[in-house]
1. Once both labels are modelled 7 Å past Cα along the beta-carbon direction, what's the L43-K156 spacing in nm?
2. Hey, what did the chain get for relative contact order, percent, Cα under 8 Å, at least 6 apart?
3. In the neighborhood of G81, defined by Cβ-to-Cβ distances under 13 Å, what is the net charge if each Lys or Arg adds +1 and each Asp or Glu adds -1?
4. Which angle from 0 to 90°, rounded to the nearest 10, does the C-alpha axis of helix 3-24 make with the longest principal axis of the chain?
5. Which of the trypsin sites (Lys or Arg not before Pro) found in segment 167-208 are loop residues per DSSP with 15 or fewer other Cβ atoms within 10 Å of their Cβ?
6. State the label only: which of (i) 21.3; (ii) 20.0; (iii) 20.7 corresponds to Kirkwood radius over Cα pairs in Å computed from the shown model?
7. Mind listing which GluC sites (Glu not before Pro) in segment 53-135 are in a DSSP loop and have 10 or fewer other Cβ atoms within 10 Å?
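Please treat every number below as a calculation from the coordinates, not as lab data. What you are looking at is a predicted structure, and each value in this text was computed from that prediction instead of being measured. Here the Cβ positions follow ideal geometry from the backbone for every residue, glycine too, while neighbour counts run over all protein chains shown.
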Amino acid sequence: MTEKQEMKKAIQAVIKVMMDRVMNKVLVEEPFVKEEHRAKKPLYAALVPDEIFKGSHFERRFVTPFGGVWEKLAIVAANKGLGYGEKGRTIIGKVNAERLRRIQEVLNNLEHGVKDKKRIKPDWDKELEYILEGKSAKLIPVTVISDVYAEDKKNKKKYVFELKAPLPNSDQTKVSKEKMLKLYSMEPLQVDGAYYALPYNPFGKRENYSWAFPARWFDMKNDEVVLIGNEFWEKIGGLGTYKAFIEAINEIGVEYKNRIYREFLGIEPPPEKIEEGKL
């Protein structure tokens, strides 16, 4: 079995565990009971078919746990690709006082703007250059807890990835940027790179990414520390990782879609749908 085949199997194992839990939840632990739905929401039930709410019932129990799955998949990719991956690694270092002050200045300016000027557009390179020019003899201990930590065993490099859902909110993006700026400001550096990463791009191409909230903190189309979709998976797992990821999901996708049709919806999957829905 090749390394990519091993990665595919590991990816599938993570997805299967999540999907089996989802199926157990919607079929056993928290099934959709038509009578309960009608009793609790008589107006809705009178106007909208039960099947619509049954679908929403499943969606809520599917989308929520998927947030934690991305980190698990990233760890799989790191272990099989770069050589080592870990969730929630604590990075401890020292940052001089002036750099810390400048980090807060940069973040405040991005959030509130500068008096008598238009809102400042983020520019990672210029911001980091300004921060690193800060000098102070006072070194302050700083702790950063990473979303995903990875080591390139071959090249002896260490990386941190702030991995967020494809449509992150403003607050969590601000926190990620602060963490990354602190990592790049440490003396000496404790990692070789820190990135803001999204597992896929719901807008298609990088230049079309247009979710407003993270754009307040990063230039999502141009900042090199931003990795979206394929860029992230290739960085953490090596060339071909994104393709392996897509193939792995497609191989088990039909099985679960058919189970959802039969076991949850109680209908046979339409013939034309059996092979549809591949990523």
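1. Reported label-point gap for L43 and K156 is 6.8 nm.
2. Values: 389 pairs, mean separation 58.7, N = 279.
Once normalised by length, the contact order is 21 percent.
3. The answer is +3.
4. Helix 3-24 sits roughly 60 degrees off the main axis of the chain.
5. Values: sites: K174, K177, K179, K182, K205, R206; in loops: K205.
The qualifying sites are K205.
6. Identified label for the calculated read-out: (i).
7. Sites meeting the loop and neighbour criteria: E133.
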